[in-house]
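Input: a single structure, listed below in structure tokens.
The values are calculated or read from the model by the stated rules, or taken from the named source; none is laboratory data. Values in this document were obtained by computation on a predicted structure and should not be read as measured data. Neighbour counts run over all protein chains shown; Cβ positions are idealised from the backbone, glycine included.
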Number of protein chains: 4
Amino acid sequence: MNEATTLKAAVVGASGYSGEELVRLLLGHPHVELTAVTSRQYAGQTLAEVFPRFGNRSSLKFTEPNPSTLAEAAEVIFLALPHGVAAEFAKPLVEAGRTVIDLSADFRLNDAAVYEEFYGNPHPAPGLLEQSVYGMPELHRAAITDAKLIAAPGCYPTSILLPIVPLLRGGLIKPTGIIADSQSGVSGAGRKTDIPFLYAECNESLRPYGVPKHRHLSEMEQELSVAANTQVRMQFTPHLVPVTRGILSTLYLAPSESFMTEPEEAALAEKITSCYAAAYGDEPFIRLLPASALPDTKHVTGSNYLDLAWRLDRRTGRLIVMSAIDNLVKGASGQAVQCLNLAQGWDETTGLI
Amino acid sequence: MNEATTLKAAVVGASGYSGEELVRLLLGHPHVELTAVTSRQYAGQTLAEVFPRFGNRSSLKFTEPNPSTLAEAAEVIFLALPHGVAAEFAKPLVEAGRTVIDLSADFRLNDAAVYEEFYGNPHPAPGLLEQSVYGMPELHRAAITDAKLIAAPGCYPTSILLPIVPLLRGGLIKPTGIIADSQSGVSGAGRKTDIPFLYAECNESLRPYGVPKHRHLSEMEQELSVAANTQVRMQFTPHLVPVTRGILSTLYLAPSESFMTEPEEAALAEKITSCYAAAYGDEPFIRLLPASALPDTKHVTGSNYLDLAWRLDRRTGRLIVMSAIDNLVKGASGQAVQCLNLAQGWDETTGLI
Amino acid sequence: MNEATTLKAAVVGASGYSGEELVRLLLGHPHVELTAVTSRQYAGQTLAEVFPRFGNRSSLKFTEPNPSTLAEAAEVIFLALPHGVAAEFAKPLVEAGRTVIDLSADFRLNDAAVYEEFYGNPHPAPGLLEQSVYGMPELHRAAITDAKLIAAPGCYPTSILLPIVPLLRGGLIKPTGIIADSQSGVSGAGRKTDIPFLYAECNESLRPYGVPKHRHLSEMEQELSVAANTQVRMQFTPHLVPVTRGILSTLYLAPSESFMTEPEEAALAEKITSCYAAAYGDEPFIRLLPASALPDTKHVTGSNYLDLAWRLDRRTGRLIVMSAIDNLVKGASGQAVQCLNLAQGWDETTGLI
Amino acid sequence: MNEATTLKAAVVGASGYSGEELVRLLLGHPHVELTAVTSRQYAGQTLAEVFPRFGNRSSLKFTEPNPSTLAEAAEVIFLALPHGVAAEFAKPLVEAGRTVIDLSADFRLNDAAVYEEFYGNPHPAPGLLEQSVYGMPELHRAAITDAKLIAAPGCYPTSILLPIVPLLRGGLIKPTGIIADSQSGVSGAGRKTDIPFLYAECNESLRPYGVPKHRHLSEMEQELSVAANTQVRMQFTPHLVPVTRGILSTLYLAPSESFMTEPEEAALAEKITSCYAAAYGDEPFIRLLPASALPDTKHVTGSNYLDLAWRLDRRTGRLIVMSAIDNLVKGASGQAVQCLNLAQGWDETTGLI
């Protein structure tokens, strides 16, 4: 695409945290013109009235969401809607020839039956599943390039899949016994007015939730199974911790080969280093931390980076991999914009660094 | 002991977070008179000058720490000192016939060699190890009753051992493959003026540390090995999260029997329920949460409770146990006072509820 | 009253933050038996199910609020209800001869017209205003002793009136030009599920609100006017800041006499010191900080103390007084229990230290 | 200046919070090449090792600070050093013909005697005071354009002067009785390892400090006096609150004319509106909020904006103005970069939006 041209984009459901973050990124994107933002709740108000942080930066007003109006207003439409609702918009927009980047779970799963198992309803638009692409550029770059319907991955899956998939693809770890223990900031729950997400409930609080069968397991097991070329079952425990943004995931993995001596450990470490370097050495948004460092969500807040470190533990025979992302950027809106860049043939980092 | 009598107690190193918390608990204890608080840094200042929260409650002044003065001032001496330093006080005080409750790591390990492996120095008083008792009342009540040298457990070990030991003792889980993933508030690092513990460094930050060989592994593996009657090696990952107080531990365990069907799962669940009920049903400070609940550190802050919940995951064959404590109370000073109550023959909850 | 007797008490609206805090204090009160807690939302559930922190401490269940049932269940009833609703309970309970301690605004104002001006509705029970007492023990001890209807003061007013009233009574400051600038923790907003009180909205946020005519002005101006014996108008700006508990008030006052020289300043300082010492030197819950110290809400959290410090500024001719309280304790439930102690003839600190 | 040319810039003292923020802004500035960052503590380490957030974005290493090396490395040098130390670098660099933008207090005051009164030492380079310019573009745009030595204002003064100066210049408020009550995030204290700034000390803490004579009074009174054309004395109370970034200032001002009736109030409101519109209507970084809104630091975090709102209070005759900034951006490094843009003839928002 000619970079001189400006692409018209819309955000549906722009009043949630992911939607707001999309607006921030798109307003700063040099090749994009944000032409519509929708919100049932705020229709008629300006962006700046609802989000004063955008004051002086846009005079856009929220409108009621309407597929045909959206199809006219924009060439690319981002859906920041609850699952189930997203599909209602995706269908007419895709049919109208628009590119849809959906941040909900509606098009992440290849199998409508798995969707029903984890989300409790029949899939709202199974006919579209075949053409939807899982929008994780580091794993599916080629497919995203041509996609018209991109399913931006969940925040937890982003923090977990990126560290694990190269190891599985390379045969360095066993596909069994995978455990992911994650901590997430409260913005991950969305702008939902439920008691558990009030300040005075979250401050000074550490708590697990959704144990043991969180919905994000479905897309994680799907992607891990593809990488391992066998059915993978994993353990996943999310925790809510008092930060606004950030996911820290600690992954417990079993290397395929044992390493009971120091030389064996060194040899295995060498293989892991090479594996990650081959997979991510040139990736603009994955930072393989130096040997002495461990990730900290504070270093990725507001950015599209995933920071990654790992340790071998000879005492237990395990590989521990740790990752940090901003759940609203690499875990949602930033990754969606990265997909947009890719789909449009722009430099993948445009508007993201 | 006659409850009418008041016991004289001292706190050495009362200016750290554990020391301050001991002062809080002892000032409110009906059978204790706090007769001395020491601090090299604050000697000469009143408690209330250093800790305004104690204003109107005590006119005590900090003094320089000195074993012989302490032996005169108090019958029971709490040591809230760094490891290595604690032993220097414990030795003369025990020799002088005083009861010593040490909050450092100096007397938690039975084996001086393990101490040296994990703490990097030869043990400072190996001769005392034989008479020291690991001060976890729920596991060692009888021994604590008669002890003159009590080693209050570490904060992480408290949150991890209490959930696991009954399962190991009862043979319900395998002694292999144990993983503990923990999150701790920043007070756990002590009142240390290092950059990583500044507000602006910890706020909005989630980070692992001490991976993979944290010092607390030593006492955890010691106690687990006793419970399992075999050498146990475990995986432990601590994380620093932005709360002042609290430890949330999520434990990944392998049940001894498989449970691939619903009836098998129900049978196993029944056994776990019984096991915990037998072990902790009458414990005043362990709360076995109802089936629908998960622990939250917010509910134990400021108290000596440990809250515990668990889930079986038939998809993975694992048992997930989750616990929450206040690291400064049940994880340090509260447990130390619980030991005092026990050693003095008082109701174990005195001054703690 | 005979201390051996146990008083039956109930909390109506026990599921809000003030109600929960009342439950905490009453469960620990040696002369009180908590016999009923009500909540429309949680009726039928146990206290421990709704507030796990009370696990192992009470087997009480929430019930539907009903005046006649309450009058049977308890001799003293605490109302932790929204204004307007509180009066509906106060009326029948007072008529039934019960003692009512109301934490709402319904009975704080002597003048029903002022109530209507600030709260927007006609007063719901103007006939009771004459017998209600403003429940601030340090200012109205005698009246509280005999009261059957006690209006516990607002949180901001507590932090502002206690520092100012003695100065006004003593004629040390002018009754004009009083400014109170306050910061409050988010629990002050109650357990309300509105977007502005979500964690991700309050964290890393500092904001004024209710400028310039906050409702609490009404009771503050009433009490200041009585103290000054003239109509007082004051300026008040509340701010919401990211802590759960605490109010810090900074008060800008104009001394009645000028102090342009050092000796004049010293003379005035001496008078202020004496004034506060006379007013509060023996008060158990007011701490006049040493000259070098300034208040910090952290030192009063969880307690019924108000910490107070002041500075004269010769450059501007002003007196700056600063106070810190826990908005839920001295600013609400603790002060209510202090009133109970006083009304029952118990030591005023019972159950509060 | 030709925008095609790239300007070489250096940051001295780049390891503090302001220095780090300068690095962030300069790395993203399209016309600047960052050629040197200095830090005694971290010399030899890469930017990314010390600040992992800059990983993948720069391969620069910290060097020892040295004026002659710096003069060779860069055309513009930012000094993010303690006061007193900054002057030692400014002198040789200005003499070498470099442009110096100093974030310390060393060159903010016109009068060396005032510097000595407030900072406790004789001024380190009084000869440079005449040529230094107070770097607040909205107030001193013309002077900054030609300046070789720019003193970036303090964080509090930025949040306080910008709202007040237009009102004083326009004669709308009296120059007497000005009160500024401010709350600041902890990063304002710098990356200093003192106990009061530890996480566990700041979290859940609200506290005033530096009452009544904070150092920033000196530059505020200097600028207000110029604006009012008479000597101004003001009251200023800073508070430390648990956020990382942000300053919220609430200003109590006395309008020059009284407004006791509604029409008088409306007339005065109209004048204030016009005054601010004239002063700031076209300013890119000052946002005059709509009538219904109040500022919230959350909306300016990470940006160079100052958000401003005001209210007239007919009950007290006062004007309340409230402002919010990010202390590290508009209050320090962002404003410094804004000055750079201005001094270089670039669009003032370059690299800042």
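Worth a mention:
- Looking only at region A:228-251, and only at residues there that are surrounded by fewer than 19 Cβ atoms within 10 Å (Cβ to Cβ) and in contact with a helix residue (DSSP H, G or I) (Cβ under 7 Å, 6 or more places away or on another chain), the one that is nearest to the other protein chains (Cβ to nearest Cβ): A:ARG233
- Qualifying residue in region C:50-58 (condition: aliphatic (A, V, I, L, M), within 26 Å of the chain's Cα centre (by Cα) and within 14 Å of another protein chain (Cβ to nearest Cβ)): yes
- Residue count, region A:160-177 (criterion: away from chain B (no Cβ under 14 Å) and surrounded by fewer than 19 Cβ atoms within 10 Å (Cβ to Cβ)): 3
- The residues of region C:2-52 that are in a loop (DSSP other than H, G, I, E, B) and in contact with a His (Cβ under 8 Å, 6 or more places away or on another chain), listed by number, are C:GLU3, C:THR5, C:THR6, C:PHE51.
- Test: residue in region B:187-196 that is crowded, with 19+ Cβ neighbours inside 10 Å, touching a residue at least 60 places away in the same chain (Cβ under 8 Å) and touching a Phe, Trp or Tyr at 6+ places or on another chain (Cβ under 7 Å): yes
- No other residue among B:LEU81, B:LEU7, B:LEU70, B:LEU27 is among the aliphatic types (A, V, I, L, M), buried (at least 18 other Cβ atoms within 10 Å of the Cβ), under 29 Å from C:PHE285 (Cα atoms) and modelled with pLDDT of 95 or more apart from B:LEU7.
- Subset of region D:207-226 (residues that are aliphatic (A, V, I, L, M) and either touching a residue at least 60 places away in the same chain (Cβ under 8 Å) or facing another protein chain (nearest Cβ under 8 Å) (or both)): D:VAL211, D:LEU217, D:MET220, D:LEU224
- The single condition among (1) in contact (Cβ under 8 Å) with a residue 60 or more places away in the chain; (2) within 14 Å of chain A (Cβ to nearest Cβ) that B:PRO157 does not meet is (2).
- Only residues that are touching a strand residue (DSSP E or B) at 6+ places or on another chain (Cβ under 7 Å) and away from chain B (no Cβ under 13 Å) were counted in region C:19-33, giving 7.
- Just one of the listed residues (D:ALA80, D:ALA96) is of a type in the set (A, V, I, L, M, F, W, C) and either over 28 Å from B:SER205 (Cβ atoms) or within 14 Å of another protein chain (Cβ to nearest Cβ) (or both), namely D:ALA96.
- Strands (runs of 3 or more DSSP E) completely within region B:282-327 that count 2 or more residues being within 7 Å of another protein chain (Cβ to nearest Cβ), surrounded by fewer than 24 Cβ atoms within 10 Å (Cβ to Cβ) and in contact with a strand residue (DSSP E or B) (Cβ under 7 Å, 6 or more places away or on another chain): B:306-313, B:318-325
- Within region B:59-104, the set of residues being of a type in the set (Asp, Glu) and touching a helix residue (DSSP H, G or I) at 6+ places or on another chain (Cβ under 7 Å) comprises just one member, B:ASP102.
- Residues that are at negative phi, away from every other protein chain (no Cβ under 11 Å) and in a strand (DSSP E or B) do not occur anywhere in region A:330-344.
- Every residue from region C:288-301 that is more than 15 Å from C:GLN338 (Cβ to Cβ) and either under 18 Å from the mean Cα position of the chain (by Cα) or not hydrophobic (A, V, I, L, M, F, W, C) (or both): C:PRO290, C:SER292, C:PRO295, C:ASP296, C:THR297, C:LYS298, C:HIS299, C:THR301
- Test: residue in region D:60-77 that is assigned to a loop (DSSP other than H, G, I, E, B) and on the phi > 0 side of the Ramachandran plot: no
- Any hit, region A:244-255, residues being at pLDDT 95 or above and more than 23 Å from B:GLY210 (Cβ to Cβ): yes
- Selection within region D:178-206 - more than 7 Å from every other protein chain (Cβ to nearest Cβ) and over 18 Å from the mean Cα position of the chain (by Cα): D:ILE178, D:LYS192, D:PRO196, D:GLU201
- Residues that are assigned to a loop (DSSP other than H, G, I, E, B), in contact with a strand residue (DSSP E or B) (Cβ under 6 Å, 6 or more places away or on another chain) and not assigned by TED's automatic domain parsing to the domain that holds B:ARG215 do not occur anywhere in region B:83-95.
- The set of residues in region D:109-145 being part of a helix (DSSP H, G or I), surrounded by fewer than 18 Cβ atoms within 10 Å (Cβ to Cβ) and free of Cβ contacts under 8 Å to residues at least 24 places away in the same chain consists of D:ALA112, D:ALA113, D:GLU116, D:PRO126, D:GLY127, D:ALA142, D:ALA143.
- Scanning region D:30-60 for residues being touching a residue at least 40 places away in the same chain (Cβ under 8 Å) and within 30 Å of A:GLY281 (Cβ to Cβ) gives a total of 2.
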